[in-house]
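**Student:** Just passing along the structure, written as structure tokens.
The values are calculated or read from the model by the stated rules, or taken from the named source; none is laboratory data. All figures in this text were calculated on a predicted structure; none of them were measured in a lab. With ideal geometry, Cβ positions are generated from the backbone for all residues, glycine too; neighbour counts draw on all protein chains shown. Note: accessible area is taken over every heavy atom of the protein model, side chains too, but ligands, DNA and RNA are not part of it. Shrake-Rupley method; radii C 1.70, N 1.55, O 1.52, S 1.80 Å.
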Amino acid sequence: MRTKIVAGNWKMNMNASQTDQLLADLKQQNWPSDVQIIVAPTFVNLDRAASAVANSAINVSAQNMHQATHGAFTGEVSADMIASVGVNTVILGHSERRAYFHEDDTLLSQKVNAAIVAGLKVIFCFGEELSDRKAGNHFEVVKSQLEGGIFMLPKEAWSQVVLAYEPVWAIGTGETASPEQAQEMHAFIRETLSQKYDESLAESISVLYGGSVKPANAKEIFAGKDVDGGLIGGAALDAVGFAAIANSF
Ligand code: PGA
């Protein structure tokens, strides 16, 4: 049985007091016991978020990190710093990091390695752009993002990995992949994992879907047999809606 996961990527939203408020609201919700709930506030609020959710159903993730362990990298945050405030997960490879901060497969593979070595769990994001899908290259693009960014990991490291397929054209656009498109790609991802590693590894990895998931469409998306949950952006900023998504399996 794969772990079902609903993760909220708060992006660059929520200052300290807003973070406290949203976490307090989230703690009031009813969470299904068989779904792992994760929220990813911005770096400066990770410490308070980790304290706020201690002994609750909610787990905290970072949204990014630097690949080096420490040193002269002004403005950056290391895996060890994240772990040191009680946060055990990091999102890597989000399409906004790839597009706006020029993070390529080589850099991402270094970040993934650094996170794994530091003992963090990695939510590794990838997905094609609209032009790729229109050209019919979406499977190829996804495969090459996996090969370039995360397939250097040895089999043992995959117990620390969650994958998140996020077609770029569906992020923040209100446009969702259809449940069929999501399931089709998730099945392809699992098959690709099976070819690279083996079937039992492929069957064990949670693969999340991301891109305009909301309470109104979560159920049909999560119904896909290879869809193990979602990475939620905009809709994760509302406690009631986020809980409704988590209760959509
Ligand atoms: P969205 O974002 O749900 O607002 O489309 C998803 C994401 O970027 O992870």
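**Student:** Just checking, how many residues over region 154-168 are within 13 Å of the ligand (Cβ to nearest atom) and open to solvent by 30 Å² or more (accessible area, probe 1.4 Å)?
**Tutor:** Residues in region 154-168 being within 13 Å of the ligand (Cβ to nearest atom) and open to solvent by 30 Å² or more (accessible area, probe 1.4 Å): 1 in total.
Results for (1) without any contact (Cβ under 8 Å) to a residue 24 or more places away in the chain; (2) open to solvent by 10 Å² or more (accessible area, probe 1.4 Å), shown as yes or no for each residue.
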site: Ala79; (1), (2): no, no
site: Ser84; (1), (2): yes, yes
site: Ser95; (1), (2): no, yes
site: Ile116; (1), (2): no, yes
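**Student:** Another one. Since Ala218 meets every condition but one in (1) more than 11 Å from the ligand (Cβ to nearest atom); (2) within 18 Å of the chain's Cα centre (by Cα); (3) free of Cβ contacts under 8 Å to residues at least 40 places away in the same chain, which condition does it not meet?
**Tutor:** Unmet for Ala218, out of (1) more than 11 Å from the ligand (Cβ to nearest atom); (2) within 18 Å of the chain's Cα centre (by Cα); (3) free of Cβ contacts under 8 Å to residues at least 40 places away in the same chain: (1).
**Student:** Turning to a different aspect of this structure: Give region 169-200 a look and list any residue that's in a loop (DSSP other than H, G, I, E, B) and within 16 Å of the ligand (Cβ to nearest atom), or say none.
**Tutor:** So in region 169-200, the residues in a loop (DSSP other than H, G, I, E, B) come out as 171-178, 197-198.
Ile171, Gly172, Thr173, Gly174, Glu175, Thr176, Ala177, Ser178, listed by residue number.
**Student:** Just wondering, is there one or more residues in region 181-198 that are in contact (Cβ under 8 Å) with a residue 24 or more places away in the chain, under 22 Å from Arg97 (Cβ atoms) and open to solvent by 60 Å² or more (accessible area, probe 1.4 Å)?
**Tutor:** The answer is no, given that none of the residues of region 181-198 is in contact (Cβ under 8 Å) with a residue 24 or more places away in the chain, under 22 Å from Arg97 (Cβ atoms) and open to solvent by 60 Å² or more (accessible area, probe 1.4 Å).
**Student:** Quickly run through region 74-104 and pick out the residues that are more than 16 Å from the ligand (Cβ to nearest atom) and under 19 Å from Gln160 (Cβ atoms). Spell out the reasoning first.
**Tutor:** Taking region 74-104 as the starting set, the residues that turn out to be more than 16 Å from the ligand (Cβ to nearest atom) are 74-88, 102, 104.
Those that are more than 16 Å from the ligand (Cβ to nearest atom) and under 19 Å from Gln160 (Cβ atoms): Val77, Ser78, Ala79, Asp80, Met81, Ile82, Ala83, Ser84, Val85, Gly86, Val87, Asn88.
**Student:** Kindly indicate the residue of region 222-240 that is open to solvent by less than 10 Å² (accessible area, probe 1.4 Å) and within 11 Å of the ligand (Cβ to nearest atom) and also farthest from Val6 (Cα to Cα) among those meeting that condition.
**Tutor:** The residue in question is Ala236.
**Student:** Identify, please: which residue in region 205-221 is part of a loop (DSSP other than H, G, I, E, B) and open to solvent by less than 40 Å² (accessible area, probe 1.4 Å) and is, among those, farthest from Ile38 (Cα to Cα)?
**Tutor:** The first filter runs over region 205-221 and keeps only residues part of a loop (DSSP other than H, G, I, E, B), leaving 205-206, 211-217.
If we keep only those that are open to solvent by less than 40 Å² (accessible area, probe 1.4 Å) too, we end up with 205-206, 211-213, 217.
Details: Ile205: 17, Ser206: 14, Gly211: 16, Ser212: 17, Val213: 15, Asn217: 19 Å.
Only one residue fits best here, namely Asn217.
**Student:** Could you count how many residues in region 129-153 are open to solvent by 50 Å² or more (accessible area, probe 1.4 Å), acidic (Asp, Glu) and either closer than 18 Å to Thr176 by Cα or touching a Phe, Trp or Tyr at 6+ places or on another chain (Cβ under 8 Å) (or both)?
**Tutor:** 1
**Student:** Okay, moving on. Which number in (1) closer than 17 Å to Gly127 by Cβ; (2) surrounded by 17 or more Cβ atoms within 10 Å (Cβ to Cβ) marks the one condition that Ala202 misses?
**Tutor:** Among (1) closer than 17 Å to Gly127 by Cβ; (2) surrounded by 17 or more Cβ atoms within 10 Å (Cβ to Cβ), the lone unmet condition for Ala202 is (1).
**Student:** When you scan region 1-90 for strands (runs of 3 or more DSSP E) that lie fully inside it, which ones turn up with 2 or more residues that are polar (S, T, N, Q)?
**Tutor:** Qualifying strands (runs of 3 or more DSSP E): 58-62.
**Student:** Please tell me if Ala62 is at pLDDT 95 or above, open to solvent by less than 80 Å² (accessible area, probe 1.4 Å) and closer than 21 Å to Gly229 by Cβ. Write out each step before concluding.
**Tutor:** Details: at pLDDT 95 or above: yes; open to solvent by less than 80 Å² (accessible area, probe 1.4 Å): yes; closer than 21 Å to Gly229 by Cβ: yes.
Considered against the rule, which asks whether it is at pLDDT 95 or above, open to solvent by less than 80 Å² (accessible area, probe 1.4 Å) and closer than 21 Å to Gly229 by Cβ, Ala62 comes out as yes.
**Student:** Considering (1) more than 27 Å from Ser84 (Cα to Cα); (2) touching a residue at least 60 places away in the same chain (Cβ under 8 Å), say which one Val162 fails and leave the rest.
**Tutor:** Single failed check for Val162: (1).
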